[in-house]
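Take a look at the structure set out below.
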Amino acid sequence: MASAIYKAFRKLKRRGCVTDKPSFNKDAIMLDDHLFSLDLDSWTVPIATPRGRVKFRLLHGQYHEKFKAMRPGRAWLVKRGHELWLKVVFRAEVELREPNGLAIDVNENSITIASPGVFRQIRTSERPIRTAYFLKRRKIQASVRGKARARLLAKYRGRERNRIRDLYHKLANEESGRG
């Protein structure tokens, strides 16, 4: 990870984008697939160290059962406080299905609807709303403390949700009228 950070820093420095030295702020170790083996039947993971392999027990729930059918790839061992977290990337082969005739893609700036012979893009103005409320929340979190902060954040969270809901409600009514 350190070498990847350094390479990215050199690339950005050549472009003139950064001047500060790179820093590594998190306690994390990247593990290639040969440095650990994941046993999802016993929910343990042996990890290679300079002094030999150390075996860790994994906490898991019903949700994690689906990963037994997948292949583990790269992993990161992350330290947060006194706890160790293992973040693993899994690979699975998926079966491609035939399109059923309609595809809808919802993004921050547009909704794209595609079907055989028809391609339609509807512009939304969601991004400016999300950005404005993001900046408001950041300002509140930096300057207000205590119960007032929680109250203000809840107020603006509700306003943002209502504005987005109203935006999509109006778009849906507009499109159903065109039908």
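Some notes on this structure:
- Global size of the range 97-179: 17.7, 56 Å for Rg and Dmax (C-alpha atoms, Rg to one decimal, Dmax whole).
- Site pair Leu12 and Ser37 shows an inter-label distance of 3.9 nm when each label is modelled 7 Å from Cα along Cα→Cβ.
- Highest to lowest packing among 11-23, 71-83, scored as the average C-beta count within 10 Å: 71-83, 11-23
- When the chymotrypsin sites (Phe, Trp or Tyr not before Pro) in the range 1-57 are filtered for DSSP coil states and for at most 14 other beta-carbon atoms within 10 Å of their beta-carbon, the remaining sites are Phe24, Trp43.
- Modelled FRET efficiency - R0 25 Å, His82 with Phe24, Cβ distances, 0.05 increments: 0.80
- Filtered GluC sites (Glu not before Pro), the range 87-179: DSSP coil and at most 11 other beta carbons within 10 Å: Glu93, Glu95
- Between the range 48-106 and the range 123-179, the Cα center-to-center distance that results, in Å: 33
- Divide the volume of the convex hull around the Cα atoms of the range 82-130 by the residue count and you get 127 Å³ per residue.
- Extension gain for Ala48 to Ala148 (0.36 nm times residue separation, less C-alpha to C-alpha distance): 31.1 nm.
- For the range 5-114, the alpha carbon convex hull comes to 238 Å³ per residue, rounded to a whole number.
- Overall form of the range 39-179 per C-alpha gyration tensor (a/c, 1.5; a/b vs b/c): oblate
- Of the trypsin sites (Lys or Arg not before Pro) in the range 123-179, the ones in a loop by DSSP (not H, G, I, E or B) with at most 12 other beta carbons within 10 Å are Arg145.
- Residue pairs, from the table Lys7/Lys79; Lys21/Lys79; Lys7/Lys87; Lys79/Lys155, whose Cα atoms sit over 29 Å apart: Lys79/Lys155
Bear in mind that the values in this text are calculations on the coordinates, not laboratory data. Just so it is clear, the model here is predicted, and its values are computed rather than measured. Because the Cβ atoms are built from the backbone with ideal geometry, glycine has one as well, and the counts that use them run over all protein chains shown.
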